[in-house]
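The values are calculated or read from the model by the stated rules, or taken from the named source; none is laboratory data. Since this is a predicted model, take the numbers as computed values, not measurements. Positions of Cβ are backbone-derived with ideal geometry, glycine not excepted, and every protein chain shown enters the neighbour counts. To get the accessible areas, we keep the full protein, side chains included, count just its heavy atoms, and leave off ligands, DNA and RNA. Shrake-Rupley method; radii C 1.70, N 1.55, O 1.52, S 1.80 Å.
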Amino acid sequence: MASLGERIRKLRKERGLTLQALAGEELTKGMLSLIENNKANPSMESLAYIAEQLGVDKNELLEDFSTGEIRKLLQEVEELYKVDVMSKDLIKEYESIVLKIQPYKEKLPFRYESARLLEIYSRCSYHAKIDGWQSSLKKAEEIYEGLHMINQSAEIHIFRAMTSFTEHRYDEALKMIQESRKIFEERAGILDPLKKLDFDYYESILYSAIGDGINASRIMQNAIDYSKEQQIFYQIDSLYRLAGFQAVLDQDVERKNYYCEKLRLFANFLDDEEMEAFSDAIEVHYLNSVSYDFEKANEIIDHNLAKHEEVTTFLFTLEKGKALYGMGRFEEALAWLKKHKIWEFLHHPYDLSLHYEKDAYMALVYEELGDHQSAVEHAKIAKENIEPMPDLPYKKFIMNVYDEITSK
């Protein structure tokens with residue numbers, strides 16, 4: 001951390017000024033040398049004069065970190081923060097960001113760059129399970145509010161609500177999102193279009209999390225219609241994925257086909273193979289769990305496994321096991337089911353319920369292979385996992401498997 005004298009000397013050299021040139025008519029060269037070497041403290045008048053000579057605000061000289069240093073830090077952190085959320089080393093990436101910001105966070109000045117650093121610090125600390133993120137988030141919010149940056153303040157409200165979501169307090173999270181939305185609508189009159197879509201997206205997710213598919217679909221469709229009207233494509237891929245998955249749950253083939261096709265078209269427009277894989281994942285899930293066309297599901301899965309690496313482990317290992325089981329290829333099915341791991345950042349009951357099918361299918365496979373004890377063990381695991389979840393088709397399937405296996 002640079003001292004006042006060191007900051008003055010650094011800025012002087014950056015501007016190509018000699019001691020005499022900076023001292024000018026108000027200071028002596030000797031006094032300025034003493035100040036730069038921390039052997040004398042300037043008066044406020046002298047400090048204001050030095051700042052004027054250097055072309056900076058005097059407060060910047062008094063701050064522990066220069067504007068340039070903070071901006072450079074933020075640029076580095078933003079690049080690190082762009083890490084792929086599917087990365088296996090995501091938590092390590094978050095921890096490295098926390099360590100990078102840690103030395104600065106207590107003495108950051110009142111400006112946007114500081115608020116953004118504190119916000120990122122808080123988000124990364126929360127996900128990496130590092131204590132103390134709440135105070136930094138509050139400080140970030142105070143700076144945003146002081147700078148009248150409404151959208152950034154709204155982002156913090158949404159993040160707070162979603163921490164309740166990740167802790168499976170779905171009703172509480174929905175209430176927080178709705179209360180925050182009301183606050184910002186009253187303050188702004190009309191929400192910024194992108195922020196409106198954010199609130200729509202998260203409110204829809206949370207309605208579905210509490211089992212209210214009707215309101216979830218209503219808000220989701222309103223958001224999609226609004227995006228079309230405004231010609232705004234922000235969040236549209238996420239909304240199409242949600243709508244497509246909801247259509248599978250509702251066994252609405254026409255609506256499922258419509259949103260999967262929309263997602264594919266959008267993926268082609270952006271040349272985004274990962275987005276296209278999500279569309280195929282919805283289709284595969286329908287083929288495996290609703291229409292039972294395991295051959296076709298397996299064909300689509302293999303096509304994706306040949307193209308994608310990071311995404312396929314998350315999206316297709318379970319479905320591959322399900323397809324192989326349906327095709328009677330039990331040994332292969334077991335190998336794929338064993339590969340499947342639930343991503344630690346999954347918190348929605350729909351996602352969790354779907355992935356809890358893994359142990360139910362393992363129970364069925366073990367039973368087919370003559371290992372009844374292992375079948376019972378996995379049927380019990382699946383039952384224990386699914387019991388707190390809402391009454392979705394996955395729960396019915398898992399409970400049926402449990403009854404079937406344990407009754408033998």
Rounded tilt (10° steps) of 170-188 against the dominant C-alpha axis of the chain: 40 degrees
Positive dipole terminus of the chain, leading residue within His378, Ala173, Gly24 (C-beta point charges): Gly24
Spatially proximal lysines relative to Lys396 (Cα-Cα < 29 Å; intrachain offsets below 8 disregarded): Lys175, Lys256, Lys296, Lys320, Lys322, Lys338, Lys339, Lys341, Lys358, Lys380, Lys383, Lys408
Extreme residue, positive dipole direction of the chain, given options Ser353, Gln102, Met399 (C-beta unit charges): Gln102
Residue-normalised accessible area of the range 127-208, given per residue in Å² at a 1.4 Å probe: 48 Å²
Average projection area in nm² (convex hull over Cα atoms of the range 108-166, one quarter of hull surface): 3.6 nm²
Counted charge near Leu17, where neighbours are those whose Cβ lies closer than 13 Å (Asp, Glu -1; Lys, Arg +1): +3
Nearest 10 degrees, 0 to 90: helix 67-81 Cα axis against the chain principal axis: 10 degrees
Residue among Leu108, Leu318, Leu17 with the largest mean-square fluctuation in a Gaussian network model of the chain, springs linking Cα atoms under 10 Å: Leu17
Mean Cα-pair separation over length for the range 188-309, i.e. relative contact order, pairs under 8 Å, 6 or more apart, %: 16 percent
Stokes-Einstein D for the range 1-141, Kirkwood Rh over Cα pairs, 20 °C, 1.002 mPa s (µm²/s): 127 µm²/s
Accessible surface, 1.4 Å probe, highest first, among residues Arg181, Arg218: Arg218, Arg181
Heavy atoms of Val376: accessible area, 1.4 Å probe, square angstrom to 10: 30 Å²
Per-pair calculated FRET efficiency, R0 = 51 Å: Glu25 and Glu185 via Cβ, rounded to 0.05: 0.35
Reciprocal mean inverse distance between Cα atoms of the range 62-186 - Kirkwood radius, Å: 15.3 Å
Of every Cα-Cα pair in the range 365-408, the percent that sits beyond 16 Å: 32 percent
log10 of Debye I(q)/I(0), alpha-carbon scatterers only, for the range 256-380 at 0.16, 0.21, 0.23 Å⁻¹: -0.78, -1.25, -1.41
Cβ-defined net charge surrounding Ile97, 13 Å radius [Lys, Arg +1; Asp, Glu -1]: -1
Pair Asp272, Lys10: separation of 7 Å Cα→Cβ label points (nm): 3.9 nm
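Tell me the net charge near Leu174. Cut-off is 10 Å between Cβ atoms, Leu174 excluded, with +1 for each Lys or Arg and -1 for each Asp or Glu. Walk me through the numbers before you get to the answer.
Details: positive: Arg169, Lys175; negative: Asp171, Glu172, Glu179, Glu203, Asp212.
Residues near Leu174 contribute -3 overall.
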Dipole in debye (nearest 20) - the chain, about Cα centre, beta carbon charges: Lys, Arg +1; Asp, Glu -1: 1220 debye
Rough spin-label spacing in nm, given labels placed 7 Å along Cα→Cβ, for Asn215 and Val253: 3.3 nm
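Largest first and in whole Å, give the semi-axes of the range 132-235's equivalent ellipsoid, each being the square root of 5 times a Cα gyration tensor eigenvalue.
On the way: eigenvalues 106, 73, 20 Å².
Rounded to whole Å, the semi-axes are 23, 19, 10.
Once you compute Rg and the Kirkwood Rh from C-alpha atoms, what is the Rg to Rh ratio for the chain?
On the way: Rg = 28.0 Å, Rh = 25.0 Å.
Rg divided by Rh gives 1.12.
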At q = 0.13, 0.18, 0.25 Å⁻¹, base-10 log of I(q)/I(0) for the range 259-305 (Debye sum, equal scatterers on each alpha carbon): -0.28, -0.51, -0.85
Stretch gain in nm, segment Leu17-Leu194, where the contour uses 0.36 nm per residue and the Cα spacing is subtracted: 59.1 nm
